[in-house]
Amino acid sequence: MGKHSDQNAALCPLIEPNNHDSHAVSTASFALILSTLVSVSGSYVFGTAIGYSSPSQSGIMTDLALTVAEYSVFGSILTIGAIVGAIVSGKLADYIGRRGTMGFAEIFCLLGWLLIAFSKTAWWLDLGRMLVGFGMGVISYVVPIFIAEITPKQLRGAFTTLHQLMICFGVSLTWLIGVFVNWRTLALIGAIPCLIQLVGLPFTPESPRWLAKNDQGLACEAALQRLRGQSKDISAELFEIQEYTELLKQFREPSVLDLFRRQYARSLIAGVGLMALQQFGGVNGIGFYVKSLFTLAGFSGNIGSIALAAVQIPMTALGVVLMDVSGRRPLLMISAAGTCLGCLCVALSFLFKDLQLWQSGSPMLALFGVLAFSGSFSLGMGAIPWVIMSEIFPINMKGLAGSLVTLVSWVGSWIVSYSFNFLLNWSSTGIFFIFSTVCGFTVLFVAKFVPETKGRTLEEIQAAINPLSTKN
């Protein structure tokens with residue numbers, strides 16, 4: 001039976017739905033909601049850090065006399081810190097637990113925001129930005145993993161997507177607030193959600209799957225019961241978690257090279273590919289410097305930022321609603337197609353401007369393109385790669401695989417965010433045609449390589465796509 005499952009998984013890009021529902025849980029307990037809200041406070045910090053550089057650019061460059069190159073270093077050094085955070089995130093989450101890792105990350109974010117707020121020189125500014133980035137790199141891995149491990153399968157997609165919704169809130173509200181306050185005040189405001197998560201973490205249970213993996217059976221049962229509600233029968237779900245964990249213990253501690261074994265190929269291709277395409281579609285270039293992008297296109301930077309914020313939040317919320325209704329794959333393909341169209345419109349806008357054609361309409365075309373890109377990205381491409389990443393790797397490989405996937409994401413983010421201003425000066429038309437091409441390719445990649453994981457427990461997903469889970 002194990003061989004038959006493996007062959008089907010290798011031949012078919014979709015995981016066939018399993019109607020087994022012996023421990024269905026359709027409602028969310030207070031503990032589950034609280035734990036999720038506390039964890040996504042970290043996601044909000046993530047969003048504030050991404051959104052910070054756009055409204056702060058003119059103020060910081062004026063007050064600290066920075067050149068464009070120096071400010072590009074400040075904007076992109078966030079991702080250098082995130083790369084380091086991504087490298088250690090998986091091991092940290094495996095050794096000190098999901099809750100401990102989130103608290104550890106927030107300490108760095110808090111220190112970073114304070115350094116930025118009280119900076120007197122460029123190196124203070126850069127050090128603070130790098131510390132925030134380190135915390136972000138850890139948060140970007142551990143938050144979706146934690147949420148995926150504590151939620152029942154019927155709610156997992158929507159709850160995990162809250163990670164992206166809070167990132168979106170963080171970005172959008174930072175853009176809005178940045179219109180009215182100076183860059184130092186904006187940095188202090190960014191520190192507030194760090195404190196909220198640090199205060200809330202002691203009141204949240206640890207991931208039952210992490211506890212089971214670390215031989216804390218009684219704590220695992222207690223945490224699962226608390227998360228599902230005291231009146232719920234958790235026996236079937238608890239048995240499945242413990243049985244799968246015991247199976248994994250029969251195998252040696254995995255190494256980095258084990259990630260590249262054939263049995264994990266589908267998971268690795270899907271996880272790494274989605275993260276790389278998400279970043280090289282241009283999201284962080286646009287997000288980090290959207291105000292200057294609107295100005296270059298001939299549109300008001302402040303009005304464009306407000307319009308962008310107004311689009312992002314409802315589209316991300318719609319993605320949360322649709323996640324467990326439409327499934328991951330259809331939403332990803334619609335989202336990627338929308339980002340392709342958005343980048344194409346921005347490219348055409350700059351082309352018309354360069355050719356002195358349709359000068360009255362090209363700024364509006366740029367606005368439409370950026371809004372279409374941002375709205376479409378928020379619908380699926382922003383959240384779903386992180387959801388997929390949290391679902392497709394077995395728990396014994398999650399630390400290594402999650403670190404690698406998150407590292408790929410942040411390396412791509414650094415490349416795009418650092419080079420964006422220079423590429424914009426090289427050819428504003430050309431760079432958006434490139435982004436559009438990448439987004440178009442993403443549709444094909446999803447159709448070919450990304451599995452559908454809606455409505456399956458994490459253990460059922462492993463049994464379908466990773467042969468390790470089907471061995472007896």
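Things worth noting here:
- For GLU221, the conditions (1) modelled with pLDDT of 90 or more; (2) within 26 Å of the chain's Cα centre (by Cα) all hold with the exception of (2).
- Flag: LEU357 does not match the condition of being within 16 Å of the chain's Cα centre (by Cα), open to solvent by 30 Å² or more (accessible area, probe 1.4 Å) and not β-branched (Val, Ile, Thr).
- The residue list GLY170, GLY137 contains one member that is small (Gly, Ala, Ser), within 16 Å of ILE80 (Cα to Cα) and within 15 Å of the chain's Cα centre (by Cα), which is GLY137.
- Complete set of residues in segment 183-236 that are of a type in the set (A, V, I, L, M) and open to solvent by 20 Å² or more (accessible area, probe 1.4 Å): LEU188, ILE189, ILE192, LEU195, ILE196, LEU198, VAL199, LEU218, ALA219, ALA222, ALA236
- Taking segment 422-447 as the range and being more than 26 Å from ARG328 (Cα to Cα) and either loosely packed, with under 15 Cβ neighbours inside 10 Å or in contact with a Ser or Thr (Cβ under 7 Å, 6 or more places away or on another chain) (or both) as the test, the residues that pass are PHE422, ASN425, TRP426, GLY430.
- Breaking point among (1) in a helix (DSSP H, G or I); (2) open to solvent by 10 Å² or more (accessible area, probe 1.4 Å); (3) touching a residue at least 40 places away in the same chain (Cβ under 8 Å), for ALA372: (3)
- Of the set (1) at pLDDT below 80; (2) more than 18 Å from VAL272 (Cα to Cα), all apply to LEU371 but (1).
- Matching residues in segment 262-309 - criterion: being of a type outside the set (Val, Ile, Thr) and without any contact (Cβ under 8 Å) to a residue 12 or more places away in the chain: ARG262, ALA265, SER300, GLY301
- All told, LEU293 falls short of being closer than 17 Å to ILE167 by Cβ, crowded, with 19+ Cβ neighbours inside 10 Å and either in contact with a helix residue (DSSP H, G or I) (Cβ under 7 Å, 6 or more places away or on another chain) or among the polar types (S, T, N, Q) (or both).
- Listed conditions (1) in contact with a Leu (Cβ under 7 Å, 6 or more places away or on another chain); (2) without any contact (Cβ under 8 Å) to a residue 40 or more places away in the chain are all met by ALA212, apart from (1).
- Across segment 333-345, the qualifying residues are those that are open to solvent by less than 10 Å² (accessible area, probe 1.4 Å) and among the hydrophobic types (A, V, I, L, M, F, W, C), and the one among them that is farthest from LEU277 (Cα to Cα) is CYS343.
- Whichever residue in segment 309-332 is buried (at least 22 other Cβ atoms within 10 Å of the Cβ) and not hydrophobic (A, V, I, L, M, F, W, C) and, among such residues, is farthest from PHE169 (Cα to Cα): ARG328
- Pair list, Cβ under 8 Å, 6 or more apart: segment 434-451 residue farther than 24 Å from VAL346 by Cα, other residue assigned to a loop (DSSP other than H, G, I, E, B): ALA447/PRO13; LYS448/PRO13; PHE449/PRO13; VAL450/PRO13; PRO451/PRO13; PRO451/LEU14; PRO451/ILE15
The values are calculated or read from the model by the stated rules, or taken from the named source; none is laboratory data. Bear in mind the structure is a predicted one, so any value in this text is a computation, not a measurement. Every residue, glycine as well, gets a Cβ built from its backbone with ideal geometry; the counts of neighbours run over all protein chains shown. Note: accessible area is taken over every heavy atom of the protein model, side chains too, but ligands, DNA and RNA are not part of it. Shrake-Rupley method; radii C 1.70, N 1.55, O 1.52, S 1.80 Å.
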